[in-house]
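Below is one structure; the comments refer to it alone.
The values are calculated or read from the model by the stated rules, or taken from the named source; none is laboratory data. Small disclaimer: the values here were computed from a predicted structure and weren't measured. Here the Cβ positions follow ideal geometry from the backbone for every residue, glycine too, while neighbour counts run over all protein chains shown. Heads up: the accessible areas ignore ligands, DNA and RNA and are worked out on the full protein's heavy atoms, side chains in. Shrake-Rupley method; radii C 1.70, N 1.55, O 1.52, S 1.80 Å.
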Amino acid sequence: MYERPTLNRTATGRNMTEETTITAPMPGVFYRRSDPDEAPFVEKGDRVEAGDVVCLVGVMKNFHEITADAAGVVGEILVEDEAPIEAGQELVRLTSE
Amino acid sequence: MISVEKPGVLTTVQDVGRDGHYHIGMPPSGAMDQYAHAAANYLVGNDADAATLEMTYQGCDLRFGEDAVVALAGADMTPTLNDEPIPTWEAVAVEAGDELSLQYATDGARTYLAVAGGVDVEPLMGSRSTYTLIGLGGHEGRPLQAGDELSIGDPPGRSADLVGSRVDDEHVPEYADKSAIRIVLGLCDYRLTEESKAELCKAEWTVTPEADRVGYRLDGPDLDFVPREQPFGAGTDPSNVVDLGYPVGSIQVPQQPIVLMRDAVTGGGYATVGTVVSADRGLLAQRRTHQTVTFEDVSLEDALDARTRNEAALEAIRSSLE
């Protein structure tokens, strides 16, 4: 596993909360869980802290952890587990307070 | 000195490769796209064999500890210098303290950063290339990590004069996946049925997420083998043959095809049914996972002609910068 990749985010200010979208920093396969037998890293409505893993992207035989870079609540998960994704694709919405 | 702040997905030191050791099982490694690697070097006044940084899918953030002349060639990763966009395929001046930052590849897969004087790691067996599978060469035999520091060699005197020079548009390749990748059939294409041989060159193959510096695994239709009696010394699988040396760029078919790239095993017992011509290997290396690949079979004469024209384009770039 190499250094955690940078996240690219789009932010829309809205009252006291801010909705951000975590996008894929690389193409690959989207994984919601570390192992097929494990529970997903996050579900809609879960509270996450900065640095928490929300998903993995698998490419070139490595799994890259995608983390939240601010605390917040997980919104829509925009991609099916194990679906192919492109770099820049929106993955998970996050609402921070 | 260059400090690595964020290393990207997979960034390694590469050059023209560690040639001459194939017989002991040592693959050449080196830049996957030799054309972009050489062009980046020429832009900063280096020879083609100076070491560059090869960044895959997502570039790095680098801090320069000294003034330098740099050039980026290959995939477009939306580079910025101190948050200001900078062009690719062009020599750019950086000053001590500047931050060069790259995002993810939007066109192509691999970007090369050349710096005047070259990335100065210790050569091993005649090359500065990184071979990560067994951890030799390059910077500590591994992909770059945050906190790594890289020395820069002595820059050629004329580098400063090259700032602002760029590669002519006619010599900047397109990385769209429309164009066919040319192959020469053989050495073991006799193992495929005539239908499957035709299918190899007709099908639209998809680059799988496993594709890396070792091999490009492709997804597509099943290929059929000619029935045969297992030869002495060959494995039981229909795709097995008596061990042979694998050409760099050769396509083996354990089931789905794998194009062997510059970090691949040098020989073994899988039928290699074709070889990607040298002029197109860099273009294949610029295909991203999920993109498509089609093959076109050409004669050896056509392959050598493509190589000559590729070399002429690089020479035109080099001489335009004199």
Leaving out ligands, DNA and RNA, calculate the buried accessible area for the pair A and B with a 1.4 Å probe, summed over both sides, in Å² to the nearest 100.
-> 1700
Summing Lys, Arg as +1 and Asp, Glu as -1, what charge do residues with Cβ under 10 Å from the Cβ of residue A:30 carry, residue A:30 excluded?
-> -2
Stokes-Einstein D (µm²/s) once Rh is taken as the Kirkwood radius of chain B over alpha-carbon pairs, at 37 °C in 0.692 mPa s | 163
Going by the alpha-carbon gyration tensor, a ≥ b ≥ c the square roots of its eigenvalues, is the protein assembly as shown rounded (a/c under 1.5) or, if a/c is not under 1.5, prolate (a/b greater than b/c) versus oblate?
-> oblate
Region B:2-175: C-alpha gyration tensor shape, a/c 1.5 cut-off, then a/b vs b/c | rounded
Mean accessible surface per residue for chain B, computed with a 1.4 Å probe while every protein chain stays in place, in Å² | 40
Chain B: angle of helix B:34-43 to the longest principal axis, Cα-based, in degrees nearest 10 | 20
In whole Hz, with x marking every Gly and Pro, tabulate ³J(HN,Hα) for region A:88-95 from phi via Karplus 6.51 cos²θ - 1.76 cosθ + 1.60, θ = phi - 60°.
-> x, 5, 6, 10, 9, 8, 9, 10
Please give the average number of partner chain Cβ atoms lying within 10 Å of the Cβ of each residue in A:38-50, rounded to a whole number.
-> 0
Region B:179-212 and region B:27-53: distance between their alpha carbon centers, rounded to Å | 28
Which one of B:236, B:248, B:267 is farthest out on the positive end of the charge dipole of region B:221-293, using unit charges on Cβ (Lys, Arg +1; Asp, Glu -1) and the Cα centre as origin?
-> B:248
Residue B:118's amide H: which non-local residues (gap 5+, or another chain) put their own amide H closer than 5 Å, with H modeled 1.01 Å from N in plane and none for Pro or chain starts?
-> B:153
Ordered by residue, what ³J(HN,Hα) values in Hz, to whole numbers, does region B:191-202 give under the Karplus form 6.51 cos²θ - 1.76 cosθ + 1.60, where θ = phi - 60° and Gly and Pro are x?
-> 6, 8, 5, 4, 5, 6, 4, 5, 4, 3, 9, 10
In what order, largest first, do A:60, B:125 sit by accessible area if the probe radius is 1.4 Å?
-> B:125, A:60
Whole-Hz couplings from phi, Karplus 6.51/-1.76/1.60, listed for region B:129-139; x for Gly and Pro = 5, 8, 10, 6, 4, 10, x, 10, x, x, 9
Given charges of +1 on the Cβ of Lys and Arg and -1 on the Cβ of Asp and Glu, with all other atoms neutral, how large is the dipole of chain B about its Cα centre, in debye to the nearest 20?
-> 740
